[in-house]
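Below is one structure, written out as structure tokens; the observations come after it.
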Amino acid sequence: MNKVICIMGPTGAGKTAQSLAMAKAGLPICIINTDSRQIYKDFPIISAQPSEEEKSLCPHKLFGYLKTEETSSAGEWQERAKAEIEHAWKNKQIPVLVGGTGFYFRALFDGMAAIPDIPKDIHEHFIKEITEKGSCLLYEELQKTDSEYAQKIHFNDKQRIARALEVYAATGKKFSDWHKITPQQTNYDVLRIGIGLPLTELTPFLYKRTDVMLQNGALEEAKKALENCPDITAPGWTGIGCIELARYLLGEYNLQECQELWNKNTRAYAKRQWTWFRADSRIKWFRPEEQSLPYILDFLNT
């Protein structure tokens, strides 16, 4: 059976370094992005996409392929990922999926619930509602109707909030309940590697990373993105760091307030990711400073 390796875990935990260790060891890998923020091309610094130097070590797929104003979904990403996995195998490469979007991993390997098509009028109603009322108000509504799903997403993630609300309105069933209806799983031989730290240990690294991003041009990146797409309700702006910098540039915060909010939201996101991934008993966990390569080689040689 063809093999797939996954490197997953909370943001800032060192997933990229662990994946590139395989390339440096001479393994013919192809890295496939499994992070919903890293699909946007306007935010390579803020979303912590691999550098050009890192990309030169091996093929990298599904990074930065969408404009800020373009929408995506787990289903759309899933189809792209399947195609890239097949392409890697044809080229005698090992597909390595790297990222922190747990739902992407679940959609690809455990299948997606067959949610019925949502009537156009209901879809348009919630798009209009979230545009006019803002994400916070609609997020409060989602907390009342589907608190389980609300805990897994960011309060500013307009696309996912609207999607969950429209599904509930159209089907009468919670979005989280739909996700529990598991269809046929994909027939891959999967190794799941988790890279992470308890939140108390990870937090200082997250705050330092924000400093580094600002030093490396995150503010300039956001400014250019705002010129290209001034609509901060666009999907690409929902990423943590993106929206905080946009609001700073629009005069809503000073830079210190912006960075404090960025850090707070990053920590909250890491906590949600840690909870999500730790619930999956199939994941073998390593600390960032530990080497997962011997475990990976055992998997490849069996």
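Please list, by residue number, everything in segment 209-224 whose backbone N is under 18 Å from a paramagnetic label point 7 Å out along Cα→Cβ of GLU260.
210-211
Once the dipole of segment 9-136 is set up with Lys and Arg at +1 and Asp and Glu at -1 on Cβ about the Cα centre, which of GLY102, CYS136, LEU66 lies farthest towards its positive end?
My answer, from the dipole projection, is GLY102.
Take each uninterrupted DSSP H stretch in the chain, measure its Cα extent along the helix axis, and return the ones at 18 Å or beyond whose mean Kyte-Doolittle hydropathy is at least -1.0. Intermediate results must be reported in sequence, preceding the final value.
Details: long enough: 74-90 (24 Å, -1.38); 120-133 (19 Å, -1.18); 158-171 (19 Å, -0.16); 199-215 (24 Å, 0.01); 255-278 (34 Å, -1.45).
Qualifying helices, which must be both long enough and hydrophobic enough, are 158-171, 199-215.
State the Cα centre-to-centre distance between segment 46-111 and segment 125-185 in whole Å.
24 Å
With each run of n ≥ 4 DSSP H residues scored as -39500 (n - 2.57), what mean residue ellipticity at 222 nm is computed for the chain after dividing by its residue count and rounding to the nearest 500 deg cm²/dmol?
That comes out to -15500 deg cm²/dmol.
How much accessible area per residue does segment 198-293 have, counting only protein heavy atoms and a probe of 1.4 Å, in square angstrom?
I get 54 Å² per residue for segment 198-293.
Does the chain classify as rounded, prolate or oblate by the C-alpha gyration tensor (a ≥ b ≥ c root eigenvalues; a/c under 1.5 gives rounded; else a/b over b/c gives prolate, otherwise oblate)?
Because a/c hits 1.5 or more and a/b fails to exceed b/c, the chain counts as oblate.
Taking the Cα centre of segment 147-227 as origin, work out the dipole magnitude from +1 charges on Lys and Arg Cβ and -1 charges on Asp and Glu Cβ, in debye rounded to 20.
220 debye
Leaving out ligands, DNA and RNA, and with a 1.4 Å probe, what % of the accessible surface on segment 233-294 is carbon or sulfur?
Solvent-exposed carbon and sulfur of segment 233-294 make up 50 percent of the total.
Share of segment 1-85's accessible area from carbon and sulfur, percent, 1.4 Å? Intermediate values should be presented prior to the final figure.
On the way: 1530 of 3250 Å².
With neighbouring chains kept in place, the figure for segment 1-85 is 47 percent.
The values are calculated or read from the model by the stated rules, or taken from the named source; none is laboratory data. Owing to the predicted nature of the structure, the values given are computational and were not obtained by experimental measurement. Here Cβ is always computed from backbone atoms with ideal geometry, including for glycine, and neighbour counts include all displayed protein chains. We work out accessible area using only protein heavy atoms, side chains counted, and drop any ligands, DNA or RNA first. Shrake-Rupley method; radii C 1.70, N 1.55, O 1.52, S 1.80 Å.
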